[in-house]
Amino acid sequence: FDRLKQSLAKTRDSLAGKVESLLKFSTKIDEDTLEELEEILITADIGVDTTEKLISRLREKVKAEKIKSPEELKEALKNEIINVFPEPKFDIIPPAIILIVGVNGVGKTTTIGKLAYKFKSKGKKVILAAADTFRAAATEQLSIWGQRVGVDVIKHQEGSDPASVLFDAIQAGKARRADIIICDTAGRLHTKKNLMEELKKLYRVSEKEYPEARISSLLVLDATTGQNAIAQARIFKEAVNISGIILTKLDGTAKGGVAVAIASELNLPVLFVGVGEGVDDLQEFDPNAFVDAIF
Ligand code: GDP
């Protein structure tokens, strides 16, 4: 929790700091208070739609006289934010194939390394599939992570078919009795149609070659991009069935509130958050801890 709290320091400044000073000068809770609160939430990247929903629920409670003091307003706000997050339903039941999708630069490769480390630490056998064959650097970087964490990486030459990399990883996974295959994917959003076709093909190969496996796709989003992350998520959601979100780079950004907007506007669970560049800097997301850390 301390690590999370430390990571969210800037978000806390922009959110809790402002909420505190608003409430300090509010002797009673009225429409003005709610309007100012609305502005604070929008500035903290919680998103316009989500903020309006939160404020209208608070307004009802104020009307029903369930909220009278600034302390009660703050508590009610925290509760409403916690309620925004869908229940994270993500069990890894081996054999599992996890496709990691997202735009270049959001932290996909790093996250795969961290995830592999996490699963391995829990006693699972992991294999990585370097299916971002578009960039030679991506395969190289994944190999470095594989070495660092001590898991096998299946790779082909630059430019080869991503689906054939996954095909090989599945064969290796079966032969080596791996529990989890984590598959990197390309993230070129400007060739949207190709990218989406490629992801669908990876899905088809998984289903065909490994019918026993549970297939999920996790979308990696970069918290520092704020509302842009929501736009990316919408595009990916059109193409693949997203099981959940991994929100990276929460450390050092004031835009951590975007986690609330993602959960509310896309109705997708945030499963993990990245809080640094190290192998151990990936945490399972807990809405209660998150809300405590930003207030
Ligand atoms: P990819 O292009 O999506 O595969 O992104 P990379 O995994 O190469 O990451 C891009 C940069 O973001 C690298 O410098 C990573 O070290 C950094 N990065 C990834 N996740 C985090 C995080 O949670 N916190 C911080 N501070 N940096 C991160």
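Computed from Cα positions, the angle between helix 31-43 and the longest principal axis of the chain comes to roughly 20 degrees. About its Cα centre, the chain has a charge dipole of approximately 920 debye under the convention of +1 per Lys or Arg Cβ and -1 per Asp or Glu Cβ, with nothing else charged. Which percent of the accessible area of the stretch 169-295 is formed by carbon and sulfur heavy atoms (probe 1.4 angstrom)? Within the stretch 169-295, the accessible surface is 44 percent carbon and sulfur. Report note on the peptides 40-49, 16-25, 278-287, 256-265: ranked by the mean count of other C-beta atoms within 10 Å, highest first, their order is 256-265, 40-49, 278-287, 16-25.
Select from the stretch 65-99 those trypsin sites (Lys or Arg not before Pro) which occupy a DSSP coil region and have at most 10 other Cβ atoms within 10 Å, ordered by residue number.
K89
Specify whether the C-alpha gyration tensor of the chain places it in the rounded, prolate or oblate class, a ≥ b ≥ c being the square roots of the eigenvalues: rounded for a/c under 1.5, otherwise prolate if a/b is larger than b/c and oblate if not.
Details: a/c = 2.48, a/b = 2.27, b/c = 1.09.
Prolate, since a/c reaches 1.5 and a/b exceeds b/c.
Using the alpha-carbon atoms, what tilt in degrees (0 to 90, nearest 10) does helix 108-121 show relative to the longest principal axis of the chain? With both axes taken from Cα atoms, the answer is about 80 degrees. Here's the picture: charge each Lys and Arg Cβ at +1 and each Asp and Glu Cβ at -1 in the chain, and of I55, H156, L34 the one pushed furthest to the positive end of that dipole is H156. Summarising the label geometry, the points placed 7 Å from Cα in the beta-carbon direction at K208 and E39 lie 5.8 nm from one another. Of the GluC sites (Glu not before Pro) found in the stretch 61-94, those that fall in a DSSP loop while having at most 12 other beta-carbon atoms within 10 Å are E65.
Charged side chains reduced to their Cβ positions (Lys and Arg at +1, Asp and Glu at -1) give the stretch 1-146 a dipole of some 1080 debye around its Cα centre. Local charge for L282 was computed over the other residues whose Cβ lies under 12 Å away, with Lys and Arg +1 and Asp and Glu -1, and equals -1.
So what is the diffusion coefficient of the stretch 31-139 in µm² per second by Stokes-Einstein at 10 °C and 1.306 mPa s, using a Kirkwood Rh over Cα pairs? Using the Kirkwood radius from Cα pairs, D works out to 89 µm²/s. Bridges between two residues of the stretch 212-295, per DSSP, are antiparallel at a rate of about 25%. With kT/(6 pi eta Rh) evaluated at 4 °C and eta = 1.567 mPa s, and Rh the Kirkwood radius from Cα pairs, the stretch 167-274 diffuses with a coefficient of 86 µm²/s according to Stokes-Einstein.
Using 0.36 nm per residue of separation minus the Cα-Cα distance, give me the extension gain between E31 and R57 in nm, one decimal.
Numbers: separation 26, 0.36 × 26 = 9.36 nm, distance 1.29 nm.
Here the segment from E31 to R57 would lengthen by 8.1 nm.
A Förster radius of 41 Å combined with the Cβ-Cβ distance from R176 to E87 puts the calculated FRET efficiency at roughly 0.75. Given a 10 angstrom Cα cut-off, can you work out which residue in A116, A131, A178 is the most mobile in a GNM of the chain? Result: A178 has the largest fluctuation of those listed.
Charging the Cβ of each Asp and Glu at -1 and of each Lys and Arg at +1, and nothing else, the dipole of the stretch 219-280 about its Cα centre rounds to 200 debye. When shorter helices are ignored and each DSSP H run of at least 4 residues is given -39500 (n - 2.57), the per-residue value for the chain at 222 nm works out to -15500 deg cm²/dmol.
Relative to the first principal axis of the alpha-carbon coordinates of the chain, what is the inclination of helix 162-175, with its axis defined by its Cα atoms, in degrees from 0 to 90 and to the nearest 10? Compared with the principal axis, the helix lies near 80 degrees. Sticking with the crude label model, points 7 Å out along Cα→Cβ, report the distance from Q157 to E140 in nm, one decimal please. The answer from the label model is 1.7 nm. When both bridge partners sit in the chain, DSSP labels roughly 10% of those beta bridges antiparallel. In the chain, a dipole from Cβ-located charges (positive for Lys and Arg, negative for Asp and Glu) runs towards its positive end, and of L73, I98, L271 it is I98 whose Cα lies farthest in that direction. Take the Cα of D13, go 7 Å toward its beta carbon, and the backbone nitrogen atoms of the stretch 187-224 under 20 Å from that spot belong to 223-224. Taken per residue, the accessible surface of the chain reaches 45 Å², heavy atoms only and a 1.4 Å probe.
The values are calculated or read from the model by the stated rules, or taken from the named source; none is laboratory data. In this text, all values refer to a predicted model and were calculated from it rather than measured experimentally. No Cβ is skipped: glycine too gets one built from the backbone with ideal geometry, and neighbour counts run over all protein chains shown. Quick note on the areas: whole protein, heavy atoms, side chains included, nothing else; ligands and nucleic acids left out. Shrake-Rupley method; radii C 1.70, N 1.55, O 1.52, S 1.80 Å.
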